[in-house]
Each structure stands twice: as structure tokens, then as C-alpha cells.
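The values are calculated or read from the model by the stated rules, or taken from the named source; none is laboratory data. Computed from a predicted model, the values in this text were never measured in an experiment. Positions of Cβ are generated from backbone atoms using ideal geometry, with glycine treated the same way; all protein chains shown enter the neighbour counts.
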Amino acid sequence: MSSSRAELRRFVVVRARGCCEYCLSQARYSTHSFAIEHIVPKHRGGKTEANNLALSCQGCNNHKHTKVKARDPLTRKLTPLFHPRRQK
């Protein structure tokens, strides 16, 4: 891993305060390592830059995978997924 990639990874982890940016679970209590994931997937034009990266637990990362939208179970409408940079 290049120095700049390592610095970017450290920045994302510190910004997230060691918590998954989707479900807020804490990395220190997890049995699996957390991933740095692209909020907007690379294959959908997402860039590898701080604003598009999030610290994610294995469960959230596996569930989201490359999706940016999903069907709302109540309305059945296609809805954007939670975006940790734009929503609280």
C-alpha cells in the first residue's frame, strides 16, 4: 500500500472514530476487521477520495456491496441508500 493510500485509510478511520459509518458499531468490539468502502462504487463512477470513502463493518459492507439504491419494503419504491456524508 502506498503512503498516500495508507494516509487516506488512517484519515477515514479517525474521521469515523472507529465506528461503522452506517450502523455505528464499534470496530474494537468486532470479531471481523472493518473495511474502507466506496460510498458510490468505483464501477458507478465513485472516486477513491476521502469524501467517497466510509469505514464499514463486514455486515454493512456485505449488505451494501455495490448498491446505491434498494427497494423500500413498505412502498416498494426504489430508494437511495443511506449516505454517511450527506445524511445523519
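Would a scan of the stretch 51-69 turn up a residue that is touching a Leu at 6+ places or on another chain (Cβ under 6 Å), touching a residue at least 60 places away in the same chain (Cβ under 8 Å) and either surrounded by fewer than 15 Cβ atoms within 10 Å (Cβ to Cβ) or not small (Gly, Ala, Ser) (or both)?
Within the stretch 51-69, none of the residues are touching a Leu at 6+ places or on another chain (Cβ under 6 Å), touching a residue at least 60 places away in the same chain (Cβ under 8 Å) and either surrounded by fewer than 15 Cβ atoms within 10 Å (Cβ to Cβ) or not small (Gly, Ala, Ser) (or both).
Return a yes/no flag: does the stretch 29-42 have any residue that is surrounded by fewer than 14 Cβ atoms within 10 Å (Cβ to Cβ), closer than 23 Å to LYS67 by Cα and either under 13 Å from the mean Cα position of the chain (by Cα) or at pLDDT 95 or above (or both).
Yes, the conditions are met somewhere in the stretch 29-42.
Has the stretch 14-27 got at least one residue that is out of contact with any Cys (no Cβ under 6 Å at 6 or more places or on another chain), of a type in the set (D, E, K, R) and modelled with pLDDT under 95?
Within the stretch 14-27, none of the residues are out of contact with any Cys (no Cβ under 6 Å at 6 or more places or on another chain), of a type in the set (D, E, K, R) and modelled with pLDDT under 95.
Inside the stretch 43-88, can you point out the residues that are under 9 Å from the mean Cα position of the chain (by Cα), in a helix (DSSP H, G or I) and farther than 21 Å from ALA6 by Cβ? Explain how you work it out, then say what you get.
Filtering the stretch 43-88 for residues under 9 Å from the mean Cα position of the chain (by Cα) gives 52-57, 60-61, 64, 83-84.
Imposing the further condition that a residue be in a helix (DSSP H, G or I) reduces the set to 52, 60-61, 64.
Listed by number, the residues that qualify are CYS60, LYS64.
Exactly one of (1) closer than 13 Å to LEU81 by Cβ; (2) modelled with pLDDT of 95 or more is unmet by ALA70. Its number?
(2)
Are any residues in the stretch 6-32 without any contact (Cβ under 8 Å) to a residue 24 or more places away in the chain, of a type outside the set (Phe, Trp, Tyr) and outside any strand (DSSP E or B), and if so, which ones?
ALA6, GLU7, ARG10, VAL14, ARG17, LEU24, ARG28, THR31
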